[in-house]
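Encoded as structure tokens, the structure appears first; notes follow it.
The values are calculated or read from the model by the stated rules, or taken from the named source; none is laboratory data. Keep in mind that what you see is a predicted model, and the values were worked out from it rather than measured. For neighbour counting, all protein chains shown are included, and Cβ atoms are generated from backbone atoms with ideal geometry for every residue, glycine included. These accessible areas exclude ligands, DNA and RNA; they are computed on the full protein's heavy atoms, side chains included. Shrake-Rupley method; radii C 1.70, N 1.55, O 1.52, S 1.80 Å.
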Amino acid sequence: MIDETDRRIIAAMQEGLPLVPAPFARVAADLALPEPELMERIAALKARGVIRRIAAAPNHYKLGMTSNGMTVWDVDDARIADLGARVGALAFVTHCYERPRALPDWPYNLFAMVHGADRDEVEAKRGEIAALLGTACRGHDILYSTRILKKTGLRLKERT
């Protein structure tokens, strides 16, 4: 559970942090909280799993990355933890995660999002992942985005 102050903090940040040199100081001032208290409360919310992370969510299209593909891989289960971490550490992979297969139709258990200026760039990056996975990969595919989806983080329901 969260208390009223935590609720106010989440509500103040759920649309994004202010684009100022000291965004947390601004949020703290707006909430009439000392900045150290704000930071302690955010850390506690993260530690309890209420907040997973605070991160930028760039619009890849506006950055010129108009080709976006979710690469999907059928990776040997015994090696997926190590290889997944290595794929996720690649500078061009924006997120990477393991998911259960849905056999017989969906044999893939590793997912890695790749962005590029065009499909040739994305395909080249997929080739780098394939080389990294080597013989531990039994198959792969890529699902290209056809439109940008609205990304949102935590949203609190308004109290009635």
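Evaluate the Debye formula for region 38-98 with equal point scatterers sitting on the alpha carbons, no solvent, and hand back log10 of I(q)/I(0) at q = 0.16, 0.24, 0.27 Å⁻¹, in q order, two decimals. Calculated log10 I(q)/I(0) at the listed q: -0.79, -1.00, -1.07.
Under a Cβ-Cβ cut-off of 14 Å, what is the net charge of the residues other than ALA91 that fall near it, where Lys and Arg count +1 and Asp and Glu count -1?
Numbers: positive: ARG86, LYS125; negative: GLU121, GLU128.
Every neighbour counted, the sum reads 0.
Considering only HIS115, MET39, ALA12, the residue lying farthest towards the positive end of the dipole of the chain is ALA12, judged by Cα position with unit charges set on Cβ. Placing unit charges on the Cβ atoms of the charged side chains and taking the dipole of the chain about its Cα centre, the candidate lying farthest along the positive direction among MET65, ALA81, PRO21 is PRO21.
Once R0 is set to 22 Å, what does the formula 1/(1 + (r/R0)^6) return for the Cβ-Cβ distance between THR66 and THR94, expressed as a FRET efficiency to the nearest 0.05? If you can, show how the numbers build up before the last one.
Working: r = 15 Å, r/R0 = 0.66.
That gives a FRET efficiency of 0.90.
The reciprocal of the average 1/r between distinct C-alpha atoms defines the Kirkwood hydrodynamic radius, which for the chain equals 18.4 Å.
Could you state the per residue volume, in Å³, of the convex hull enclosing the Cα atoms of region 58-139? Could the numbers behind the result be given before it?
Details: hull volume 7.7 nm³, N = 82.
Output value, Cα hull per residue: 93 Å³.
Each Lys and Arg Cβ is given +1 and each Asp and Glu Cβ -1; about its Cα centre, the chain then shows a dipole of about 380 debye. Here the sum of -39500 (n - 2.57) over DSSP H runs of 4 or more residues, divided by the residues of the chain, equals -10500 deg cm²/dmol at 222 nm, to the nearest 500. Apolar share of the accessible surface for the chain: 54 percent from carbon plus sulfur atoms, 1.4 Å probe. Packing, as the average of other Cβ atoms within 10 Å across residues, places the peptides 4-13, 100-109, 69-78 in the order 69-78, 4-13, 100-109, highest first.
Compute log10 of I(q)/I(0) for region 1-84 with the Debye formula, placing one identical point scatterer on every Cα and leaving out solvent, at q = 0.12, 0.15, 0.16, 0.21 Å⁻¹, to two decimals. Here the Debye-derived log intensity ratios amount to -0.58, -0.74, -0.78, -0.96.
The charge dipole of region 89-152, taken about the Cα centre with unit charges on the Cβ atoms of Lys, Arg (+1) and Asp, Glu (-1), comes to about 300 debye, rounded to the nearest 20. Calculated accessible area for the chain comes out at 65 Å² per residue, all protein chains present (probe 1.4 Å; ligands, DNA, RNA ignored).
Provide the FRET efficiency to the nearest 0.05 for the ALA85-MET39 pair, computing r from the beta carbons and using R0 = 35 Å.
Details: r = 29 Å, r/R0 = 0.82.
Using R0 = 35 Å, I get an efficiency of 0.75.
Averaging the sequence gap over all C-alpha pairs within less than 8 Å and six or more residues apart, then dividing by the number of residues, gives region 1-62 a relative contact order of 22 percent.
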